[in-house]
1. Return the calculated 222 nm mean residue ellipticity for the chain, to the nearest 500 deg cm²/dmol, obtained by summing -39500 (n - 2.57) across DSSP H runs with n ≥ 4 and dividing by the residue count.
2. Which pairs, out of Lys5/Lys112; Lys16/Lys212; Lys42/Lys172; Lys47/Lys212, put more than 25 Å between their alpha-carbon atoms?
3. Rounded to the nearest 20 Debye, what is the dipole magnitude of the chain about its Cα centre when Lys and Arg each give +1 and Asp and Glu each give -1 at the C-beta?
4. Can you list the aspartates and glutamates whose alpha carbon sits under 12 Å from that of Lys140, skipping same-chain ones fewer than 8 residues off?
5. For Arg72 and Val241, what does the FRET efficiency come to when R0 = 22 Å and r is the distance between their Cβ atoms, rounded to the nearest 0.05?
6. Rounded to the nearest 5, what % of DSSP beta bridges with both residues in the chain are antiparallel?
7. Could you tell me the extents of region 167-246's C-alpha atoms along the three principal axes, largest first, rounded to whole Å?
8. In vacuum, with every alpha carbon of region 1-105 counted as one equal point scatterer, what does the Debye formula give for log10 I(q)/I(0) at q = 0.11, 0.14, 0.15, 0.21 Å⁻¹? Two decimals, please.
Amino acid sequence: MSESKLRPGIQRINKKEINVKTVRNFILLGDSGCTGFDKESKKVLDKILRKKADLFFILGDLVCEGTKNEFREVIDFCNRRVSVPVFTLCGNHDMPDYRKALGSSSYAVISKNIVFICLNNSTAPFSRNELGFLEEELRKNKKKKSFIFFHVPPSTGLHASCMKSEEWQALKVIMDKYKSQIECIVAAHIHAFQDCRLDGYHIIITGGGGAKMYDLEKDTLKKHHAIKIGLENKNAVSYRVLPIEV
């Protein structure tokens with residue numbers, strides 16, 4: 001499949017696979033506007049979007065009440081500040097108008113060396129279709145490093161607002177077959193930071209993209225933030241937390 005010619009800014013997704021040029025680094029953030037896209041939220045998001053990266057991913061909760069007008073404001077705000085593509089996921093606050101504004105929240109972004117698999121668990125457990133899509137993309141991209149993104153994280157002891165154990169087990173049934181190729185799983189939803197391992201998987205929770213932060217004991221950062229991930233020589237992966245001061 002040929003590479004997609006993507007314009008800079010937030011992408012509207014209307015297909016399951018998007019092929020892009022080689023990705024050397026990318027920035028992840030979550031929960032930019034779910035407590036209101038106010039002055040502080042805008043300062044945080046502005047500072048994140050001005051960082052240099054090949055791609056950005058916003059892992060849900062871009063807005064507070066999921067309305068067209070809110071999405072229009074956030075899209076315009078982002079598009080004035082970036083010169084690279086920005087991909088998004090649907091969060092629980094992004095309903096009901098996420099699909100009208102941004103299209104699908106289940107898709108894969110595929111480059112020469114990486115596949116980013118984006119899933120939707122914003123309002124319910126992963127559907128059978130979501131799980132089938134995950135398995136299909138892992139199978140088709142066995143030779144690439146796989147990053148899996150969704151909004152609501154598994155239970156890592158950070159906060160009670162997480163997916164149920166049986167949902168995580170349903171994911172593991174599929175992921176365990178491809179464990180060696182899965183580099184990292186990243187979620188948001190909890191307005192805090194965590195970098196940990198769960199059942200042998202590297203898990204990052206990044207919820208510091210602009211919404212009001214939680215004060216959680218296991219959050220070692222306790223600041224607004226984003227995560228920058230890079231591929232170094234011989235495809236070694238580097239992880240960098242980007243604290244944001246406002």
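Bear in mind these aren't lab numbers, they're just calculated from the coordinates by the rules spelled out. On a predicted model such as this, the values are computed, not experimentally measured, just so you know. Note that we place each Cβ from the backbone using ideal geometry, even for glycine, and neighbour counts take in every protein chain shown.
1. Values: 5 runs with 52 residues, N = 246.
Computed ellipticity for the chain at 222 nm equals -6500 deg cm²/dmol.
2. Table pairs above 25 Å Cα-Cα are Lys16/Lys212; Lys42/Lys172.
3. Numbers: 40 positive and 29 negative charges, 235 e Å.
That gives the chain a dipole magnitude of about 1120 debye.
4. Counting by Cα, and skipping residues close in sequence, Lys140 has these aspartates and glutamates nearby: Glu17.
5. Values: r = 31 Å, r/R0 = 1.40.
Calculated value: 0.10.
6. Numbers: 22 of 47 bridges.
Percent antiparallel among DSSP bridges in the chain is about 45.
7. 42, 35, 18
8. Once normalised to I(0) and log-transformed, intensities are -0.31, -0.50, -0.58, -1.13.
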